[in-house]
1. Cβ-Cβ under 8 Å, sequence separation 6+ or interchain: first residue in the range 48-67 and within 14 Å of LEU37 (Cα to Cα), partner modelled with pLDDT under 95 and surrounded by 13 or more Cβ atoms within 10 Å (Cβ to Cβ). Which pairs?
2. Of the residues in the range 1-47, how many are in contact (Cβ under 8 Å) with a residue 24 or more places away in the chain, open to solvent by less than 40 Å² (accessible area, probe 1.4 Å) and either of a type outside the set (S, T, N, Q) or in a helix (DSSP H, G or I) (or both)?
3. Search the range 13-43 for residues being more than 18 Å from ARG56 (Cα to Cα) and of a type in the set (A, V, I, L, M, F, W, C), and hand back the single one that is nearest to the chain's Cα centre (by Cα).
4. Does ARG56 count as of a type in the set (Lys, Arg) and assigned to a loop (DSSP other than H, G, I, E, B)?
Amino acid sequence: MLDWSKCDAVECMPGKVSGAWLFKNTRVPVAALFENLEDGATVDDFLEWFPGVTRRQVEAVLEHASQSLAAA
């Protein structure tokens with residue numbers, strides 16, 4: 001399990017989208033990025049479908065996940 005609390009591009013607030021980790025200042029779950037990528041979407045597709053999310057946020061989330069998995 002990744003520790004998203006160390007990624008500044010995301011937030012988790014009790015009562016907001018059932019307490020899921022979200023892209024900061026949105027209601028878009030971080031899990032949606034990975035689900036869409038697994039289904040063959042590109043980052044550009046994701047950014048088009050979820051306009052509140054920024055490219056910087058997506059890059060930060062992917063980098064955090066990559067670093068976390070490399071350290072495991």
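1. Here the result reads ALA65/LEU2, each pair linking the range 48-67 to a residue that is modelled with pLDDT under 95 and surrounded by 13 or more Cβ atoms within 10 Å (Cβ to Cβ).
2. Final tally of qualifying residues: 8.
3. Residues of the range 13-43 more than 18 Å from ARG56 (Cα to Cα): 13-20, 35, 38-40.
Retained after the next criterion (residues that are of a type in the set (A, V, I, L, M, F, W, C)): 13, 17, 20.
On the way: MET13: 14, VAL17: 14, ALA20: 10 Å.
Among them, the one singled out is ALA20.
4. On the way: of a type in the set (Lys, Arg): yes; assigned to a loop (DSSP other than H, G, I, E, B): no.
Spelling it out, it is not the case that ARG56 is of a type in the set (Lys, Arg) and assigned to a loop (DSSP other than H, G, I, E, B).
Quick grid of which residues meet (1) in contact with an Asp or Glu (Cβ under 9 Å, 6 or more places away or on another chain); (2) modelled with pLDDT under 95:
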residue	(1), (2)
CYS7	yes, no
MET13	no, yes
LYS16	no, yes
GLY19	no, yes
LYS24	yes, no
GLY40	no, no
ASP45	no, no
SER68	yes, yes
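The values are calculated or read from the model by the stated rules, or taken from the named source; none is laboratory data. Everything numeric here is computed off the predicted structure, so don't read it as measured data. Note: ideal-geometry Cβ built from the backbone for every residue, glycine included; neighbour counts use all protein chains shown. Please note that ligands, DNA and RNA were not included when accessible areas were found on the heavy atoms of the full protein model with its side chains. Shrake-Rupley method; radii C 1.70, N 1.55, O 1.52, S 1.80 Å.
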